[in-house]
Amino acid sequence: MRWVFGFLIVANIAYLVWQSGQSRAPDPAQTNPEEIIDTDAESLELLSEMDPAVLAQKTRAAVTPTQGQTASQQLCWLLGPFREQVTAKQVATRFQVLNIPASLRTIEGITGLDYLVYSGPYVSRADALGKLRMLQELQIDSFLITRGALTDAISYGLFPKRSQAKVLQGELAEMGYQVDIRENKRTEVQQWLVVPVAVAEKVSIAFWQELESDFDGIDRQQKWCHAIASTGNID
């Protein structure tokens with residue numbers, strides 16, 4: 001009987017040790033994965049417990065391109081547009097003093113939209129001219145398009161607003177003429193300064209404010225560096 005009693009004591013001790021280990025194990029269901037800042041670190045850290053300065057540094061590191069990243073993964077600031085190259089050089093100098101590269105690019109930008117009311121293109125130039133003569137005899141404003149994708153089509157007018165083009169389209173439909181509306185992009189060649197976002201992080205808010213104050217009308221946009229056409233640098 002003694003060996004049975006001893007076996008029961010050993011079994012109870014082992015069970016208590018096992019229960020103690022289970023009570024200390026974390027419950028996965030009670031862990032919020034969104035609160036974990038780094039699962040590969042030596043210890044876990046909650047966002048609510050992290051120093052704001054450290055959190056900001058980690059955030060910048062997550063979005064700042066590293067040396068291993070390709071150009072297609074990097075962002076650039078576009079500053080401008082500049083009507084005169086001398087003004088662009090003055091702005092570029094502000095960055096170069098801080099050892100921040102700034103290059104001048106000539107970019108064709110969209111400055112607005114127009115809406116063309118037209119019919120055609122017709123089978124031949126002769127057909128288009130015959131249609132044009134008929135319209136002009138009825139005193140309907142119309143013009144022959146002689147180049148581009150709508151060569152040998154007839155234009156009834158170009159409008160800055162779609163609503164204006166729709167009005168004319170309705171008037172012509174009442175007269176028995178079916179016409180279409182085409183959206184045309186107005187473009188203009190502009191000069192912009194390009195500054196990599198990653199190296200411009202050292203620039204303070206006061207610097208940007210002073211720049212915008214000294215050069216009235218300067219715009220600042222963020223775009224992928226690889227998408228910006230390169231046509232020249234500042235000498």
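The values are calculated or read from the model by the stated rules, or taken from the named source; none is laboratory data. As the structure is a prediction and not an experimental result, all values here were calculated from the model. Methodologically, a virtual Cβ is constructed for each residue, glycine included, from the backbone with ideal geometry; neighbour enumeration extends over all protein chains shown.
Filter the stretch 188-210 down to the residues that are part of a loop (DSSP other than H, G, I, E, B) and under 19 Å from the mean Cα position of the chain (by Cα), then identify the one that is nearest to Gly109 (Cα to Cα).
Here is the first cut: in the stretch 188-210, the ones part of a loop (DSSP other than H, G, I, E, B) are 197-198, 203-204.
This time we only want the ones that are under 19 Å from the mean Cα position of the chain (by Cα), so: 197-198.
Numbers: Val197: 21, Ala198: 24 Å.
Step by step, filter the stretch 188-210, then rank; the result is Val197.
If I filter the stretch 93-151 down to residues being charged (D, E, K, R) and touching a strand residue (DSSP E or B) at 6+ places or on another chain (Cβ under 9 Å), which single residue comes out as nearest to Glu171 (Cα to Cα)? Outline the logic, then answer.
Step one: filter the stretch 93-151 for residues charged (D, E, K, R), giving 94, 105, 108, 114, 125, 127, 131, 133, 137, 141, 147.
Those still in the list that are touching a strand residue (DSSP E or B) at 6+ places or on another chain (Cβ under 9 Å) too: 105, 108, 114, 125, 131, 141.
Values: Arg105: 45, Glu108: 36, Asp114: 19, Arg125: 26, Lys131: 18, Asp141: 12 Å.
Of everything passing the filter in the stretch 93-151, Asp141 is nearest to Glu171 (Cα to Cα).
Residue by residue through the stretch 107-165, note down the ones that are polar (S, T, N, Q), surrounded by fewer than 13 Cβ atoms within 10 Å (Cβ to Cβ) and either modelled with pLDDT of 95 or more or over 25 Å from Gln190 (Cβ atoms) (or both).
Step one: list which residues in the stretch 107-165 are polar (S, T, N, Q), which gives 111, 119, 124, 136, 139, 142, 146, 151, 155, 163-164.
Now restrict to residues that are surrounded by fewer than 13 Cβ atoms within 10 Å (Cβ to Cβ): 111, 124, 136, 139, 146, 163.
Residues satisfying the conditions are Ser124, Gln136, Gln139, Thr146, Ser163.
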On the given criteria, is Tyr177 more than 29 Å from Thr87 (Cβ to Cβ), surrounded by 12 or more Cβ atoms within 10 Å (Cβ to Cβ) and in contact with a Phe, Trp or Tyr (Cβ under 8 Å, 6 or more places away or on another chain)? no
